[in-house]
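**Q** Quick one: the structure is below, and I'll ask about it shortly.
The values are calculated or read from the model by the stated rules, or taken from the named source; none is laboratory data. All of these numbers come straight from a predicted model, not from anything done at the bench. Methodologically, a virtual Cβ is constructed for each residue, glycine included, from the backbone with ideal geometry; neighbour enumeration extends over all protein chains shown.
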Amino acid sequence: MSTLSLAAILAEPARRVPGKTAVIEGERRVSYGDLWHQARQYAQYLADEGVAPGDHVAIMCPNTVEFVRAYYGALAAGAVVVPVPTMLRADEVEYMLADSGAGHLIVPDAPDETARAAAARTGAAVLAAHCPPGTPAVGTYATRGPEDVAVLFYTSGTTGRPKGALLTHLNLVMCATANAIDANPFERDDIVLGCLPLFHTFGQTVSMNSTFRIGATLVLQPRFDAADAVELMCREQVTAFFGVPTMFIRLTEAAGHAKAVTSLRMCISGGASLPVAALSAFEEAFHTTIYEGYGLSETSPTASVNQPDFGVRPGSIGHAIWGVDVEIADPDVEGRIALLDTGRRGEIVVRGHNVFSGYHGRPEATAEVLVDGWFRTGDIGVKDSDGFLFVVDRKKDLIIRGGYNVYPRELEEVLMRHPAVSQAAVIGVPDADVGEEVCAIVVPRAGEAVDADELYAWAREHLGKQKYPRRIEVVDALPLGPSHKVLKRELRKQFDRSGPATYGTAPAPAGAPA
């Protein structure tokens, strides 16, 4: 019988380079050898608390050494990790605990009442992230099979209640390996800045597991702050940074008020599409290259990324990672995968070692997305003649205005090129005449003001007649989820014509057609 454990991602560098620094958090520096010993102690603590292999254990901690210790400790105990975002409401945490069946919830030593309240309602036992002094360490990690579930990730819930994606040890070990060794220009001497939440699949696999897989060093920032992140880059001589588009935008703004970062040589963007204007501005400010990638919780998460072997193409999500296929299929064909020819737009589909085994307790939802050995992502994309993949938009974000398809990302790219615009999000709002009207919500650059009439004229100049936004709203900030992605569902609630907007808005542009 073959065995495999995600715990080996930490156990192996602890065996090979035990004295090397694995994690830096503030003034704390923990070596691989010490971190793995602490994780094995925590595994014994969990066993003493009644956790058995296969049990579901939730972790609700920020980006600290405690999260890392508890994560690998739970894996060493053979448990299934259920990461819980730290900023959820009590009812949201309660839902995750109840739906996953987690019997234990690991929290910081001084947890807030949100965690305690949610655990009390579900009967989950609350455990501190520190184990009692003198706890012995287990000798090694528990035996697990490649297809055993290692982590239960909850999706962002863009279409309702979050679903639990079941990721196996094989999924996560292979994805970390492909990221660290094949896809990205990782080096063992890299110092990686981990601002992405570790409870999120991008932060967990690409920032943490991939860094440990290669034996590099991870610098943790408990909560993302752009100015502090730039200071960390300088102080720790950070060579690699992984983030979502909002982080790159904020870092670009912060760079103008901080000393130059000279050590950064590689960045990876994921989680959402990175506007080309934002990519160019960051690369100019930091004199480095951004490798934009693509993935979902269901794909562990990396499916494709710009890679040195294939070159970098701005606006593209690159090529599939090692051992994975990413293709374009007809989105209107149900029950089977009908692949399309190069250059045709369609639904992005993925197959390979990274594809999850299904949704926890939801066989119908699983059957809808796992078809003919492929995972249907729900994203619209295209592949060019050189094999570069491009995300056009989320299938569910598509706006149909008067019978014409309008892809929000295309509009957002244009709006982001306006010199006064820092961020842009485009949504469809109900309209009696055309079905859905195009609404653009923009955030001004620091020190700039967005004139709605001027931006409207800009959009008309650069976009086709059926595409440009008839409604423009100016806000101070866009609503972000736990992983710093823009929450378009919240924007739809706020700017639906049937309900009042809660953000400050600009007047309708003069002369804008209804």
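**Q** Among all residue pairs at least 6 apart or on different chains, which show Cβ distances below 6 Å where the first residue, located in the stretch 129-152, is assigned by TED's automatic domain parsing to the domain that holds V355 and the second is surrounded by fewer than 12 Cβ atoms within 10 Å (Cβ to Cβ) and not polar (S, T, N, Q)?
**A** H130/D109
**Q** While we're here: Go over the candidates R116, R121 one by one and state the one that is in the same structural domain as V57 (by TED's automatic domain parsing), of a type outside the set (S, T, N, Q) and in contact with a strand residue (DSSP E or B) (Cβ under 8 Å, 6 or more places away or on another chain).
**A** Details: R121 fails: in contact with a strand residue (DSSP E or B) (Cβ under 8 Å, 6 or more places away or on another chain).
After ruling out the rest, the residue left standing is R116.
**Q** Moving to a separate point now. Return yes or no: is A118 of a type in the set (G, A, S), crowded, with 22+ Cβ neighbours inside 10 Å and touching a residue at least 24 places away in the same chain (Cβ under 8 Å)?
**A** Details: of a type in the set (G, A, S): yes; crowded, with 22+ Cβ neighbours inside 10 Å: yes; touching a residue at least 24 places away in the same chain (Cβ under 8 Å): yes.
Against the criterion (of a type in the set (G, A, S), crowded, with 22+ Cβ neighbours inside 10 Å and touching a residue at least 24 places away in the same chain (Cβ under 8 Å)), A118 qualifies.
**Q** Mind checking which residues of the stretch 320-335 are among the hydrophobic types (A, V, I, L, M, F, W, C) and assigned to a loop (DSSP other than H, G, I, E, B)? Talk me through it step by step, then tell me what you get.
**A** As a first pass, look at the stretch 320-335 and keep what is among the hydrophobic types (A, V, I, L, M, F, W, C): 320-322, 324, 326, 328-329, 333.
Matches in the stretch 320-335: I321, W322, V333.
**Q** State all residues of the stretch 259-291 that are of a type in the set (G, A, S), surrounded by fewer than 17 Cβ atoms within 10 Å (Cβ to Cβ) and in a loop (DSSP other than H, G, I, E, B); if no residue qualifies, say none.
**A** A260, S263
**Q** Hey, another quick one. Could you please find all residues in the stretch 396-437 being of a type outside the set (D, E, K, R), in a loop (DSSP other than H, G, I, E, B) and out of contact with any Gly (no Cβ under 6 Å at 6 or more places or on another chain)?
**A** Residues of the stretch 396-437 that are of a type outside the set (D, E, K, R), as a first pass: 398-400, 402-408, 411, 414-416, 418-430, 432, 434-435.
If we keep only those that are in a loop (DSSP other than H, G, I, E, B) too, we end up with 398, 402-403, 407, 418-420, 432, 434.
Hits for the stretch 396-437 are L398, G402, G403, Y407, H418, P419, A420, A432.
**Q** Looking at the stretch 331-358 only, could you name the residues that are of a type in the set (S, T, Y) and under 20 Å from D393 (Cβ atoms)? Lay out the reasoning, then the answer.
**A** From the stretch 331-358, those of a type in the set (S, T, Y) are 342, 357; that's our starting set.
Matches in the stretch 331-358: T342 only.
**Q** Can you say whether G378 is of a type outside the set (V, I, T) and part of a strand (DSSP E or B), as far as the supplied structure shows?
**A** Details: of a type outside the set (V, I, T): yes; part of a strand (DSSP E or B): yes.
Criteria met by G378.
**Q** Got a number for residues in the stretch 186-205 being part of a helix (DSSP H, G or I) and touching a helix residue (DSSP H, G or I) at 6+ places or on another chain (Cβ under 6 Å)?
**A** Just the residues of the stretch 186-205 that are part of a helix (DSSP H, G or I), to begin with: 201-205.
Subsequent filtering for residues that are touching a helix residue (DSSP H, G or I) at 6+ places or on another chain (Cβ under 6 Å) retains 201, 205.
Residues meeting the conditions: 2.
**Q** Taking the stretch 353-373 as the region of interest, how many residues are touching a residue at least 24 places away in the same chain (Cβ under 8 Å) and either in contact with a Cys (Cβ under 8 Å, 6 or more places away or on another chain) or hydroxyl-bearing (S, T, Y) (or both)?
**A** Total satisfying the criteria: 4.
**Q** Does the stretch 236-254 include one or more residues that are at pLDDT 95 or above, part of a helix (DSSP H, G or I) and more than 18 Å from P275 (Cα to Cα)?
**A** Within the stretch 236-254, one or more residues are at pLDDT 95 or above, part of a helix (DSSP H, G or I) and more than 18 Å from P275 (Cα to Cα).
**Q** So, in the stretch 55-89, exactly how many residues are in a loop (DSSP other than H, G, I, E, B), hydrophobic (A, V, I, L, M, F, W, C) and within 18 Å of the chain's Cα centre (by Cα)? If you could, list the steps in order and put the result at the bottom.
**A** Within the stretch 55-89, the subset in a loop (DSSP other than H, G, I, E, B) is 55, 60-64, 77-79, 84-89.
Restricting the remaining residues to those that are hydrophobic (A, V, I, L, M, F, W, C) gives 60-61, 77, 79, 84, 87-88.
With within 18 Å of the chain's Cα centre (by Cα) added as a condition, the list becomes 60-61, 84, 87-88.
The number of residues fulfilling the criteria is 5.
**Q** Would you be able to say whether some residue in the stretch 460-476 is closer than 30 Å to L198 by Cα, modelled with pLDDT of 85 or more, touching a Gly at 6+ places or on another chain (Cβ under 9 Å) and of a type in the set (V, I, T)? Give the derivation first.
**A** Residues of the stretch 460-476 closer than 30 Å to L198 by Cα: 475-476.
Cutting the leftovers down to modelled with pLDDT of 85 or more gives us 475-476.
Now drop any that are not touching a Gly at 6+ places or on another chain (Cβ under 9 Å), which leaves 475-476.
After this cut, where a residue has to be of a type in the set (V, I, T) as well, the list is 475.
Yes, the stretch 460-476 has at least one match.
**Q** Across the stretch 444-485, what is the number of residues that are under 30 Å from P162 (Cβ atoms), crowded, with 21+ Cβ neighbours inside 10 Å and either free of Cβ contacts under 8 Å to residues at least 24 places away in the same chain or aliphatic (A, V, I, L, M) (or both)?
**A** So the count comes out to 1.
**Q** Further question: Exactly one of (1) assigned to a loop (DSSP other than H, G, I, E, B); (2) crowded, with 21+ Cβ neighbours inside 10 Å is unmet by D386. Its number?
**A** Of (1) assigned to a loop (DSSP other than H, G, I, E, B); (2) crowded, with 21+ Cβ neighbours inside 10 Å, only one is false for D386: (2).
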